[in-house]
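S.K.: I am attaching a structure below and will ask some questions about it afterwards.
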Amino acid sequence: MFNTHPIQSVSRKDAFPENVPGPFYVNTQCIICSLCHELAPDVFRISEDETSFYVYAQPSTAEQLAAAEEALECCPMEAIVRDEND
Ligand code: SF4
């Protein structure tokens, strides 16, 4: 699927602190719909206090990367960011 999201190089001030370092992260726009976890369960998980999903592990395989990219494309809030500068 074509990625319509621009590659962003924004500051991470809106990112949840639980995100592990790396290009993918979830920002504060997350509405906890859980779609990202359904698409990429190895990458996205709900936070301990259940206030947001976050990047639990950066994708480390081609399969996980494809799943994370699909989640980024499908997130209804565009809350998933891929920062190529990281
Ligand atoms: S798909 Fe987007 S809005 Fe839904 S839980 Fe994941 S980051 Fe949050």
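S.K.: Of all the residues that make up region 59-86, how many are within 15 Å of the ligand (Cβ to nearest atom), open to solvent by 40 Å² or more (accessible area, probe 1.4 Å) and part of a loop (DSSP other than H, G, I, E, B)?
M.R.: So the count comes out to 3.
S.K.: Scan region 14-43 residue by residue and report those that are at pLDDT 95 or above and hydroxyl-bearing (Ser, Thr, Tyr).
M.R.: 25, 34
The values are calculated or read from the model by the stated rules, or taken from the named source; none is laboratory data. None of these values were measured; they are calculated from a predicted model. Backbone-built Cβ (ideal geometry, glycine too); neighbour counts: all protein chains shown. Surface accessibility is based on the protein's heavy atoms, side chains included, excluding ligands, DNA and RNA. Shrake-Rupley method; radii C 1.70, N 1.55, O 1.52, S 1.80 Å.
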